[in-house]
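Take a look at the structure set out below.
The values are calculated or read from the model by the stated rules, or taken from the named source; none is laboratory data. Source: prediction; values computed, not measured. Here the Cβ positions follow ideal geometry from the backbone for every residue, glycine too, while neighbour counts run over all protein chains shown.
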Amino acid sequence: MIDNKKVLAFIPARAGSKGIKDKNIIDLNGKPLISYTIEAAKNSKYIDSVIVSTDGEKIANVAKEYGAEVPFFRPKELAEDNSNVITSIIYTIDELKKLGKEYDILILLQPTSPFRNEHHIDEALEMLINNNLPSILSVCETDKNPTLIRNMDKYNAITPLIETNLSLRQEMDKYYLLNGAIYINYVKDIRIDRYLKDSKYGYVMDKYHSLDIDEPIDLDIANLYIKKIFS
């Protein structure tokens, strides 16, 4: 709880994954991937409940082993490749309400961000409350500067995505990328809007802690990070 508001950590974990088989529970340095997110949420000073939303029994068993709650399974129609996470969030909020459990703030924590930790979670929640913000998304600085990106036509002629006269890298503006690690919204807004706000307020994380595991190469990088940087 923070500022007398109950906080729900929502961890989405579908059983099906195309890029990496059983991605959410794949081994990362001797532990299932999802365990890093569960432990970060459990170690938060402010989170009241940690719920894993899944349609997979193996994922549910791993989640419970690491201390998360799996009070019900996600319906199959909400676990398709094209399913929007917001539908699962709203389903979870509604089902929890039937069980007499209601929350003020929902923080979405994707299990594919294993290096986001409790300090990031707590700082982001404090940023939300202390600045009276409507929502927060986590971001990291990107070196993929849009001023360097070009469109190319069928004749290989290129045009800049953004017109600029800047030529020196150090003169360019900084740009930030959504890193997928933290999304914070008020439950009342989710109920009304039926979507997560694309917040104007970003909580900045460094690149190492922002790693998102989507493809096999990302898992290789994660194993390098965890052994060389975070040990």
Can you spot a residue in region 70-84 that is within 27 Å of Ile221 (Cα to Cα) and crowded, with 23+ Cβ neighbours inside 10 Å? no
Among residues of region 39-61 being outside any loop (DSSP other than H, G, I, E, B) and small (Gly, Ala, Ser), the residue farthest from Asn4 (Cα to Cα) is Ala60
State the number of residues belonging to region 26-39 that are surrounded by 24 or more Cβ atoms within 10 Å (Cβ to Cβ) and either farther than 17 Å from Asp214 by Cβ or at pLDDT below 95 (or both). 1
Does Leu128 fit the bill of being out of contact with any Gly (no Cβ under 9 Å at 6 or more places or on another chain), crowded, with 16+ Cβ neighbours inside 10 Å and either in contact (Cβ under 8 Å) with a residue 24 or more places away in the chain or assigned to a loop (DSSP other than H, G, I, E, B) (or both)? yes
Would you be able to tell me the number of residues in region 168-187 that are loosely packed, with under 12 Cβ neighbours inside 10 Å and modelled with pLDDT of 80 or more? 1
Reported set for region 190-211 where residues are surrounded by fewer than 16 Cβ atoms within 10 Å (Cβ to Cβ) and either assigned to a helix (DSSP H, G or I) or in contact with a Gly (Cβ under 9 Å, 6 or more places away or on another chain) (or both) is Arg191, Ile192, Asp193
Quick check on this structure: which one of Lys42, Lys64, Lys18, Lys23 is of a type in the set (Lys, Arg), modelled with pLDDT of 95 or more and either farther than 27 Å from Tyr186 by Cβ or under 14 Å from the mean Cα position of the chain (by Cα) (or both)? Lys64
Within region 182-219, how many residues turn out to be in contact (Cβ under 8 Å) with a residue 12 or more places away in the chain and under 23 Å from Tyr91 (Cβ atoms)? 16
Of the residues in region 128-160, those that are touching a strand residue (DSSP E or B) at 6+ places or on another chain (Cβ under 6 Å) and under 23 Å from Met1 (Cα atoms) number 6
Scan region 32-40 and give yes if some residue there is of a type in the set (S, T, N, Q), free of Cβ contacts under 8 Å to residues at least 12 places away in the same chain and out of contact with any Phe, Trp or Tyr (no Cβ under 7 Å at 6 or more places or on another chain), otherwise no. no
Need the failing condition index for Thr54 against (1) buried (at least 21 other Cβ atoms within 10 Å of the Cβ); (2) under 16 Å from Ile121 (Cβ atoms); (3) among the hydroxyl-bearing types (Ser, Thr, Tyr), just the number. (2)
